[in-house]
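What follows is a single structure, written as structure tokens, with notes after it.
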Amino acid sequence: MRTSTQAALLCAAAALLPAALHAQSAPASAQGDVALTIYNNDLALVQDTRTMTLPKGRSRQEFPDVSANIRPETVTLSAGGAGIVEQNFDYDLLTPDKLMDKAVGQTVTLVRTNPATGAETRESATILANNGGTIVRVGDRIEVLGGYGARVVFPSLPAGLRARPTLSVTLDADAGGARPVTLNYLSRGFGWSADYVALFDDAAGKIDVQGWITLNNSSGTAFPDAKVLLVAGAVGQESPNNGYQSARPRMIGRPSGNSPGTETANRETLGDFYLYPIAGRTTVANAQQKQVSFLDVAGAPASKGYYFRNDWLGSRDEAASVDSVLRFSSSRSGGLGDALPAGTVRVYMRDARGSPQFIGENRIGHTPMGSSLALKTGEAFDVKVQPTVQKRERIMSDEWERTARYRISVDGKPPREVTIDNTKEFWRTTMTYKVTNAKATPVTVEVVQAGLDTWWGDNRVPSESLKGTQRSADERTWQVPVPANGETTLTVQFDTRY
Amino acid sequence: MRRFLALLALLAAPAWGQTVVVSPAPDSTAVTVYRAPERSSDTAMNLGWLQGYALITEKRTVSIPKGRATVRFEGVAAGLFPESAIISGLPAGVREKNMDADLLSPATLYARGFGRPVLLRRLHPKSGKERLERAVIRSGPDGSAILQTADGFEAINCSGLSESIAYPGVPADLSAKPTLSVETDSPVAAKVTLSLSYLAWGFDWQANYVLRMHEDGRKADLDAWVTLASSDSTSYPEAEAALVAGKVNREADDGARPQPTGDSLTFRCFIGPPMQVGMAIPAPPPAPMMMEAADMMVTAMRANSPMKMKAAVVVQQEALGDLKLYRVPMPTTVAANAQKQVMLAQKRGVTVTPFVQVDVYDAYVQGDAALMLRTRNRKEEGLGLPLPGGPITVFEPRGENAVLIGEGGVPDKAVGEDLDLRIGTATQLALEANETALNDKTRAVTLTASNARAQPVRLEVRIAHGSESQLLTPSAKLKRKDGRDVWAVTVPANARATLRYTLRRPS
């Protein structure tokens, strides 16, 4: 008896669920041939070509397995020999509440289980209303359904309620039959950036760099066996930081040796953007972070430098460590020989046992080929600078400056020229920068004094113990050589108007 | 039950797309711990929220099959930053690296089951009788479960019977934890030893200094300890442990990484309150884990114990570029949710000079008189080693015992640097400033230092003044240090010392 029940159950199930059983043997998504074009800024273009069999005339077609973060307003569809009547994006989700709401007026089956024996009784019932409680008519009784007394079996699901947001398109086809239908849309929830692994050999002055494309899928949907193309750039209007800051790191406050290049990399481009196709097909799973190699360069020249910036004409009580700077180039000759999409450069060095150890990271913007890069990786333990204001005094310049000059004309007389003289007052600040080096090798530190531009006219440097370079109105810089296990003191006088 | 299993077996269909090789654990591990970038030298680690990180390098032996295969790495740190993962040693390189965070949970299992057959299992509450029915999932997990059975459509768990869903199998792409894997395409099958390295958060370390003054007050013994801590859930037994001192640049995490999925599934009904059904799953990892009963392991002795004892093991220091690397010389276990201490250095008879420091601006005393200790990081003073930043505690002997007399912080100090450590506030030495106007351009200032102690006290007053004025005619010789005038004087026991100077503004 038991066996026959089981057989009957399976038969019933088999009759009920042919589609489901079929789905089990091929648990694939409904997507067709998918191509993903992923941008840096939370955006992807999805092209999905599915083979669909359309009947002649108007029909409504659903497109399951589109991205859960689809921007439905961007959907375009092309199907040979079929026109689009309308597109719908339905996000009215199927829930038990709504199932009951929509069943008002319908006949359902109530299955009651006898609490003592477990025997089931079935009754047909009509749902009268579902307002803060479900009212049903069973035969000629009116009952309030409650207390989990009965299972309610609905004969069908209401139309228009969906398990997940669904795109549907009503098409008008000239002729029936199978044809490729291409769905194009934009989706959020994608992004990518580059990650660089740089192994720096200080003694040889070389770096080995591997570049990885790191792409993220938070769209809520998996894309199996997709063709993936990455575009190095952020298209569209939305600037990620409100437009106050450019995506490129600012040059001010960075060590010297950063300059954008003028070479074109040997890669596919599209307008302003470099394209990075992923070879073959790959599965972009949901909640996945995927990395694919795009760059592998060994033995590119690189050097280490030191950089210190004093933001204003002020002292420090304690000496501060200088920045360790790694300099390299992305040029074809003597560099990485490629354009570098924006991302993070992680720098490693080998320790005494030869194991690579992490020594710091920095972010780069989209970097054209031929650029010079100088990246702060960290601060040097053994190289420090202590800036000190030794003296600050007001000086009166002997120089008189003609600042105003005008003519007075009186009728019949030659014009008279009047000048008004102003004395020029300066503040003279004497700074020392004590640069110490506890390393067993000599170093050269790039010391920058910033904060010189006060918008009060010119600044002068009447004396300096090393020849400096005025980098801008605001910054003056010196290359300070420091012997091994020694120190060098740089002394500079600044005459400023404030 | 046998019938249940048979039915499940009937439904189950293995869905492996390609060969999957699982590497369950590393053969050996090296852990290099980096300090929290923003924590100052005198701030202690917060064991509940370690903000440093570690570079973990693992050696793993993996049998790579011929052709395309997926190698899954298990037993990696929970705080792994997947974008930092480096894998070397694979015969044909790495086609791609993946970090999958689509986790196996009631909600994801249900969502993946959409449109697929499952078993609906009903348990009679009194008789305990179980009934099984085949069903198909017809709703998404957000709105809770609606299933199609042979009878029609039903919402689950609305009948008072205990109902649950049994699935035929686990989708291949759902994993228990965020999982790192690589895709390889090897021309031949091979057994390889590969190296996997990555950065992971949830680690930190710091140096701690204990200074014990000698009776004479001019020498001291210094014990330096390093404490490393891990709040990660993975333990690294017998690891090569190292620490890196110095500031390492880290970029802020832009948070672009996909967050792990995984949620409970709520079977909501059209009537009654929502019922929580399904297994409880642990919260997703991003929140820092609390330290469970910090498992304290002390290699030699507790750091702040002033007792004399010879430490067994001292870390070895080497240069790593412009940073300092400290290696624990023997394999050690970096345990989950634990901290461990190893000796950094032991120095006997370090020359120290205690003094009191006060700052004066124009004619005003700034702040309290500070108890200071001065030494220089050189061999001559008994030091001469890189000192990574950390808190310092100072003890003075009192008969058999020792008394804590001060606490402060040592910043990163290179060899050759001066160390002026502020360890407390002086109570028995006071400095007063008094000014009188001589004329509208000149003021006379008198500084008076009073020493209430029965010992002479060395005092240093750092005098700064506005750039308008000049300091003239000091009654004692002033030194010049760091752009300031310094009055250095020894104030005799139970006595006063005085300095007079004038401040003049230029006409």
Requested in this report: Go through segment A:416-455 and give me each residue that's modelled with pLDDT under 75 and on the phi > 0 side of the Ramachandran plot.
Outcome: A:Trp455
Report task. Exactly one condition in (1) more than 9 Å from every other protein chain (Cβ to nearest Cβ); (2) within 23 Å of B:Ala44 (Cα to Cα); (3) buried (at least 24 other Cβ atoms within 10 Å of the Cβ) is not met by B:Thr184; state its number. Result -> (2)
Query raised in the report: Looking at segment A:297-316, is at least one residue among the aliphatic types (A, V, I, L, M), more than 30 Å from B:Thr184 (Cβ to Cβ) and not in a strand (DSSP E or B)?
Result: yes
Query raised in the report: Can you tell me which residues in segment B:321-350 are surrounded by 22 or more Cβ atoms within 10 Å (Cβ to Cβ), within 14 Å of another protein chain (Cβ to nearest Cβ) and either basic (Lys, Arg) or farther than 18 Å from B:Asp412 by Cα (or both)?
Result: B:Val328
Query raised in the report: Any residue in segment A:178-185 that is in contact (Cβ under 8 Å) with a residue 40 or more places away in the chain, among the aromatic types (Phe, Trp, Tyr) and within 14 Å of another protein chain (Cβ to nearest Cβ)?
Result: no
Report summary line: When (1) part of a strand (DSSP E or B); (2) without any contact (Cβ under 8 Å) to a residue 12 or more places away in the chain are applied to B:Ser467, the one that fails is (1)
Query raised in the report: What is the one condition in (1) within 14 Å of chain B (Cβ to nearest Cβ); (2) buried (at least 18 other Cβ atoms within 10 Å of the Cβ) that A:Phe328 does not satisfy?
Result: (1)
Requested in this report: Just give me the residues in segment A:339-350 being surrounded by fewer than 22 Cβ atoms within 10 Å (Cβ to Cβ) and more than 8 Å from chain B (Cβ to nearest Cβ), in sequence order.
Outcome: A:Ala342, A:Arg350
Report summary line: Selection from segment A:279-304 of residues more than 8 Å from chain B (Cβ to nearest Cβ), aliphatic (A, V, I, L, M) and in contact (Cβ under 8 Å) with a residue 60 or more places away in the chain yields A:Val284, A:Leu295, A:Val297, A:Ala298, A:Ala300, A:Ala302
**Report entry** Tally of residues being within 12 Å of another protein chain (Cβ to nearest Cβ) and not aromatic (Phe, Trp, Tyr) across segment A:186-206
**Finding:** 11
Query - Conditions (1) closer than 30 Å to A:Gly314 by Cα; (2) of a type outside the set (Val, Ile, Thr); (3) not in a strand (DSSP E or B): number failed by B:Gln455 - result: (1)
Requested in this report: Mind listing whichever residues of segment B:119-135 are under 16 Å from B:Ser164 (Cα atoms) and either hydroxyl-bearing (Ser, Thr, Tyr) or surrounded by 23 or more Cβ atoms within 10 Å (Cβ to Cβ) (or both)?
Outcome: B:Arg134, B:Ala135
Report task. Go through segment A:351-389 and give me each residue that's more than 7 Å from chain B (Cβ to nearest Cβ), out of contact with any Lys or Arg (no Cβ under 9 Å at 6 or more places or on another chain) and closer than 27 Å to B:Thr29 by Cα. Result -> A:Gly354
Query raised in the report: strands (runs of 3 or more DSSP E) wholly in segment A:84-162 with at least 3 residues that are within 12 Å of another protein chain (Cβ to nearest Cβ) - which ones?
Result: A:107-113, A:120-130, A:134-138, A:150-153
Requested in this report: For segment B:108-152, name all the residues that are out of contact with any strand residue (DSSP E or B) (no Cβ under 6 Å at 6 or more places or on another chain) and of a type in the set (Ser, Thr, Tyr).
Outcome: B:Thr108, B:Ser127
Query raised in the report: Only one of (1) within 30 Å of the chain's Cα centre (by Cα); (2) within 29 Å of A:Arg60 (Cβ to Cβ) fails for A:Ala175. Which number is that?
Result: (1)
Query raised in the report: Applying the selection to segment B:470-480, what residues are surrounded by 13 or more Cβ atoms within 10 Å (Cβ to Cβ) and part of a strand (DSSP E or B)?
Result: B:Gln470, B:Leu471
Requested in this report: Residue by residue through segment A:317-330, note down the ones that are small (Gly, Ala, Ser) and either under 27 Å from A:Arg392 (Cβ atoms) or part of a strand (DSSP E or B) (or both).
Outcome: A:Ala319, A:Ala320, A:Ser321, A:Ser324, A:Ser329
Report task. Exactly one condition in (1) over 24 Å from B:Ala245 (Cβ atoms); (2) surrounded by 21 or more Cβ atoms within 10 Å (Cβ to Cβ); (3) not hydroxyl-bearing (Ser, Thr, Tyr) is not met by B:Asp362; state its number. Result -> (2)
Query raised in the report: Is one or more of the residues making up segment A:49-59 within 14 Å of chain B (Cβ to nearest Cβ) and either modelled with pLDDT of 50 or more or not in a loop (DSSP other than H, G, I, E, B) (or both)?
Result: no
Query raised in the report: Out of segment B:481-507, which residues are of a type in the set (Gly, Ala, Ser) and either free of Cβ contacts under 8 Å to residues at least 40 places away in the same chain or not in a strand (DSSP E or B) (or both)?
Result: B:Gly483, B:Ala488, B:Ala493, B:Ala495, B:Ser507
Report task. From B:Arg138, B:Arg68, B:Arg112, grab the single residue that is within 13 Å of chain A (Cβ to nearest Cβ) and surrounded by fewer than 17 Cβ atoms within 10 Å (Cβ to Cβ). Result -> B:Arg68
Requested in this report: Output the residue which, of all residues in segment B:355-380 that are of a type in the set (Lys, Arg) and part of a strand (DSSP E or B), is farthest from B:Phe395 (Cα to Cα).
Outcome: B:Arg376
Query raised in the report: Are there any pairs with C-beta distances below 8 angstrom linking a residue in segment A:422-441 that is under 19 Å from B:Asp482 (Cβ atoms) and within 9 Å of another protein chain (Cβ to nearest Cβ) to a residue that is aromatic (Phe, Trp, Tyr) and not in a strand (DSSP E or B), with the two at least 6 apart or on different chains, and if so which?
Result: none
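The values are calculated or read from the model by the stated rules, or taken from the named source; none is laboratory data. Quantities reported herein were computed from a predicted structural model and do not represent experimental measurements. All Cβ positions, even for glycine, are placed from backbone atoms using ideal geometry, and neighbour counts span all protein chains on display.
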